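Computed from the coordinates by the stated procedures, all read-outs in this text should not be read as laboratory data. As the structure is a prediction and not an experimental result, all values here were calculated from the model. In this analysis, Cβ positions are derived from the backbone assuming ideal geometry, glycine residues included, and neighbour counts consider all displayed protein chains.
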Amino acid sequence: MAIGKIGAAVVASIFVALPVVGQAAPGGELAAARAAYEQRADPASAKAAVELFRAAAKADPASVDARWEVARAAYFYGNYTQAAAPDSEKMTIFDGGIALAKEAVALAPKNVEGHFWLGVLDGVYGEAKGIFKSLAMVPEIKREMQTCLDLDPAVEGYGPDRVLGRLYFKLPWFKGGDTKKSIAFLEKSLAGAPTNALTKLYLAESYKSEGMKAKAIEQLEGIVTMTPDPRWVPEHPQIKAQAEKLLAKLK
């Protein structure tokens, strides 16, 4: 992939901050990775973030943060930056993040971010592989989200309830899929983090599935007109585009 002028400048500025002799200063890889992740709206920076977090994890075998943060970066890179890529490529990206998220959980069993991103990556890996081929992963996803609910339900914008809500929406009914349960989890997540556009999009889709058209439209219009939460600005354009597409079908 060619790196545009903005991407090249961002990546170059990240590496300029590191020492040029021998190796990076202690913690330098992690700082560089975080700087790249903050610029993840740029494709080159999103890719660099994954690579730099991997380097940070390799440099410090005891770093829990480097491990769960690479899992988070892998989610964004595979799910947003590489949204149009073949599923096989996405699976490779997600699988690398899963391995390091598992290491984070092993190093720190009470680290909520490790559990959260492990469950999230299991979910998107399963979607890329195909839902019927990935049903065996469902118990692990539920287990990781329950652990998050026990440790800190507010992680990533009340993410555990969002993940469970989406899971119940995606599962076939004969494997536990339940749109009413989906709505209950998503409404709980939205109550905790009302500015999370992804939760609003998922809730709109669940409302639509239950024939609750007016409520679905309300959530979608909220996404289209809202000022993005600063925490999730890079994700917002794709979420907004999906909301606009669904809104056009409902009106």
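For the listed residue pairs 110/133; 133/245; 180/245; 58/175; 47/251, the alpha carbons are over 32 angstrom apart in 58/175; 47/251.
Segment residue 154..residue 250, full-extension length gain: 31.4 nm, with 0.36 nm per residue of separation and the alpha-carbon distance subtracted. Each Cα pair under 8 Å and six or more residues apart adds its separation to the average, and for the chain the resulting relative contact order is 10 percent. Computed from the Cβ-Cβ distance with R0 of 25 Å, the FRET efficiency linking residue 31 to residue 231 stands at 0.80.
Taking the fewest neighbouring Cβ atoms within 10 Å as the starting point, the ordered list for 158, 80 is 80, 158. Cross-link reach is defined here as a Cα-Cα straight distance under 17 Å, omitting same-chain residues fewer than 8 places apart; for residue 213 the aspartates and glutamates meeting it are 187, 205, 221, 244.
Rounded to the nearest 0.05, the FRET efficiency derived from the C-beta distance between residue 92 and residue 174 at R0 = 35 Å is 0.70.
Which shape class applies to the stretch 41-142: rounded if a/c is under 1.5, otherwise prolate when a/b exceeds b/c and oblate if not, where a ≥ b ≥ c are the square roots of the Cα gyration tensor eigenvalues? The shape class here is oblate. Taking the Cα centre of the chain as reference, the dipole from Cβ charges on Lys and Arg (+1) and Asp and Glu (-1) amounts to some 700 debye. Phi-derived couplings, Karplus 6.51 cos²θ - 1.76 cosθ + 1.60 at θ = phi - 60°, listed residue by residue for the stretch 79-96: 8, 10, 4, 9, 4, 8, 6, x, 4, 4, 5, 4, 4, 5, 4, 5, 4, x Hz, with x used for Gly and Pro. Working from the Cα coordinates of the stretch 155-251, the gyration tensor eigenvalues give, after taking √(5λ), semi-axes of 20, 17, 10 Å in decreasing order.
Order these by the 10 Å Cβ neighbour count, fewest first: 105, 70, 155, 50.
Least crowded to most crowded, the residues run 155, 105, 50, 70.
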